[in-house]
Structures are given as C-alpha cells and as structure tokens.
Amino acid sequence: MARAKTDKLQELSERFRTFSRDLKKEFGQIISQEGYTMNEFIVLRNLFPNRLRSADLARELDVSPAYITVLIEKLRAKGLLDAIRNEGDRRAWDLELTSAGKKIFQKLDSKITDCVSERFQMLDAAEIESLNKMMIRLSERKDS
C-alpha cells in the first residue's frame, strides 16, 4: 500500500512539474508579446493595488535590493510606476503603479486568466470546485 502511494506521488510530481513548466512558458510568452519580462510582471502584480517600499518588495520577491532597483528603474522608465516619499520614514520611498502601470497589469493579468481558463475548460464545474478545494488545502499546508 505504501509503495503504491509513493509511486502515485512520484507520478503526480512529474505531471505537476511538467504542467507548471508549460504554464510558466505560456505566461512568459503572453507577457513578452506585450514587451515585458516575467520579473517585470511579478513586480506589477505585487504593487497592484498596494504601495510597497522597495526593500519590502525585494524581500517579498526574495531578490536582492540591487536587483529590485534595476527592475524598478526599467518600470519607471516605461512610465509604469512612481516612487513616492514614505510619509512615516522620509528616507524611504514607496513604490506605486501609475495609471498606465495599472492598465498594463490588468491587461496582462486578464490574458493570463484567459490562458488558465483555456487550460481548464475541459473540466466540469464539480471538477473545478474540487480542484480549487485541493489547491486551497495544499496552500494552507504550506503556510502551517
């Protein structure tokens, strides 16, 4: 019995990796067709709809402050985000999406949602609900 479960988990692991890799590739293509990188999209996603300090954003994305600065400068040059003095700490800057940044994020996010919907369209409502419940359960496990 334990061996059968191990075999099934190994099969699931391989299928999950393949599925994740394929989705990530599709997401990357959607994003690059609009002239952005995956990392730029991730920054936009983390700033929508909230402000964050660059240090908090770097910590959230698990990247160095130097790397986040490079991404921030690229997005500022494209007119997608602004840096605003933090009212509580005048030495710090809050990052906020511009109106154009919000529009770009929403456009990309909508295209990605459409991609996911296409991938799961063959599932019926009960299967989608079941998958959602499983994903919630697995996500909660990660947090505990």
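Readers should treat all values here as calculations from the given coordinates under stated rules, not as data from a laboratory. These figures come from a predicted structure and were not determined experimentally. Please note: Cβ atoms are built from the backbone with ideal geometry, for glycine as well, and neighbour counts cover all protein chains shown.
Between Arg53 and Glu14, the FRET efficiency estimated from the beta carbon spacing at R0 = 30 angstrom works out to 0.15.
Helix 38-47 and the long axis of the chain differ in direction by around 70°, with both axes built from C-alpha atoms. Take the Cβ atoms of Lys107 and Ala4, set R0 to 30 Å, and the FRET efficiency comes out at 0.05. Which of rounded, prolate, oblate describes the stretch 44-93, given a ≥ b ≥ c as roots of the alpha-carbon gyration tensor eigenvalues and a/c under 1.5 marking rounded, otherwise prolate only if a/b is larger than b/c? Here the stretch 44-93 falls in the rounded category. The value of relative contact order for the chain, using C-alpha pairs under 8 Å at least six residues apart, is 21 percent. Under 5 Å between amide hydrogens, built in the peptide plane, is the criterion, and for Arg53 it picks out Leu95 among residues at least 5 positions away or on other chains.
Computed from Cα positions, the angle between helix 125-143 and the longest principal axis of the chain comes to roughly 60 degrees. Only one of [x] 16.2; [y] 18.2; [z] 17.8 was calculated from the structure for Kirkwood radius over Cα pairs in Å, and its label is [z].
Residues Met135, Met122, arranged from fewest to most other Cβ atoms within 10 angstrom of their Cβ, appear as Met122, Met135. Per-residue extension of 0.36 nm, minus the Cα-Cα distance of Met134 and Val116, leaves a gain of 4.8 nm for this segment.
Sparsely packed loop sites in the stretch 40-144 (the GluC sites (Glu not before Pro) outside DSSP H, G, I, E and B with at most 12 other Cβ atoms within 10 Å) comprise Glu87.
Couplings 3J(HN,Hα) of the stretch 107-123, computed from phi: 5, 5, 4, 5, 5, 5, 4, 4, 4, 5, 4, 4, 5, 9, 4, 6, 7 Hz, in residue order, whole Hz [Karplus 6.51 cos²θ - 1.76 cosθ + 1.60, θ = phi - 60°; x for Gly and Pro]. Treating the angle as unsigned and between 0 and 90°, give the value, to the nearest 10°, between the Cα long axis of helix 65-77 and the longest Cα principal axis of the chain. Tilt relative to the chain: about 70 degrees. Computed from backbone phi, the HN-Hα couplings of the stretch 14-28 come to 5, 5, 5, 4, 5, 4, 4, 4, 5, 5, 4, 5, 4, 4, x Hz, rounded to whole numbers (Karplus: 6.51 cos²θ - 1.76 cosθ + 1.60, θ = phi - 60°; Gly and Pro given as x). Taking amide H as placed 1.01 Å from N in the peptide plane, the amide H of Leu81 sits under 5 Å from that of Arg76, Thr98, each at least 5 places away or on another chain.
With loop defined by DSSP as not H, G, I, E or B, and exposure as at most 11 other Cβ atoms within 10 Å, which is the longest segment of the chain clear of exposed trypsin sites (Lys or Arg not before Pro)?
Working: sites that count: Arg90, Arg91.
The answer is 1-89.
For the chain, a crude dipole built from +1 on the beta carbon of Lys and Arg and -1 on the beta carbon of Asp and Glu, taken about the Cα centre, is about 280 debye to the nearest 20.
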